[in-house]
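Below is one structure, written out as structure tokens; comments come after it.
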Amino acid sequence: MLPDGDEALGAKLMRRARPTLRLSLQMPDARHRAVLPRHRVARWIRAALDAPAEITVRIVDEDEARHLNRDYRGKDYATNVLTFDYAREPTVVADLVLCAAVVAREAKAARITPEAHYAHLLVHGSLHAQGHDHETSVADAEAMESRESALLQSLGFADPYRP
């Protein structure tokens, strides 16, 4: 159940027309295709979009995730998702890089399915690609989390921030 006001936001988000999405999926390991079929990935990303987008989703191993996180964020560890946004207007252009091993560990620790965690991270990364940020202030973090919660619940997933 969404908190007061968020339920209306979730309904409003699902009613609006979805922007177009040009999606490229890069999964070197075929095992991820069962959890991440193209139509689901597109649905999850499209739910978070406010503008047309060209997005590449790449599933990587821990070595590549660590390398990218170290080189671009100065953090020497593999993280769950990295967003590289190149343009926001008139079309959102971005790469979303997800580390399969980190996603699997986090999903297991949270006792959720990998599918639910991938959906959350793809929504999260898509919001980042459009300029949303949870690291700039408490208010920005709360706004982004509220949006993620409403979107994920509208997609049939549990609120990732409220167990």
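The values are calculated or read from the model by the stated rules, or taken from the named source; none is laboratory data. Predicted model, so just to flag it, every value in this text is computed and none were measured. No Cβ is skipped: glycine too gets one built from the backbone with ideal geometry, and neighbour counts run over all protein chains shown.
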Here's a check for you: in segment 59-91, which residue that is in a loop (DSSP other than H, G, I, E, B) and closer than 15 Å to Leu121 by Cβ is farthest from the chain's Cα centre (by Cα)?
Ala78
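Kindly establish whether Glu145 is assigned to a loop (DSSP other than H, G, I, E, B) and either free of Cβ contacts under 8 Å to residues at least 24 places away in the same chain or within 24 Å of Leu23 (Cβ to Cβ) (or both).
No.
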Out of (1) part of a helix (DSSP H, G or I); (2) more than 11 Å from the chain's Cα centre (by Cα), what's the single condition that is false for Gly131?
(1)
Search segment 110-142 for residues being without any contact (Cβ under 8 Å) to a residue 60 or more places away in the chain and either acidic (Asp, Glu) or touching a Gly at 6+ places or on another chain (Cβ under 8 Å) (or both), and hand back the single one that is farthest from Val92 (Cα to Cα).
Glu142
Residues located in segment 65-103, provided they are free of Cβ contacts under 8 Å to residues at least 12 places away in the same chain and not hydroxyl-bearing (Ser, Thr, Tyr):
His67, Arg70, Asp71, Arg73, Gly74, Lys75, Asp76, Ala87
Among the residues of segment 50-63, is there at least one that is at pLDDT 95 or above, among the hydrophobic types (A, V, I, L, M, F, W, C) and touching a Gly at 6+ places or on another chain (Cβ under 9 Å)?
yes
Does His134 qualify as being surrounded by 15 or more Cβ atoms within 10 Å (Cβ to Cβ), under 24 Å from His67 (Cβ atoms) and at pLDDT below 95?
yes
Does Ala94 satisfy being of a type outside the set (Asp, Glu), farther than 20 Å from Leu152 by Cβ and not in a helix (DSSP H, G or I)?
no
Any residue at all in segment 45-59 that is free of Cβ contacts under 8 Å to residues at least 12 places away in the same chain and of a type in the set (Gly, Ala, Ser)?
no
Can you pull out every residue in segment 61-81 that is in contact with an Asp or Glu (Cβ under 8 Å, 6 or more places away or on another chain) and buried (at least 17 other Cβ atoms within 10 Å of the Cβ)?
Arg66, Asn69, Ala78, Asn80
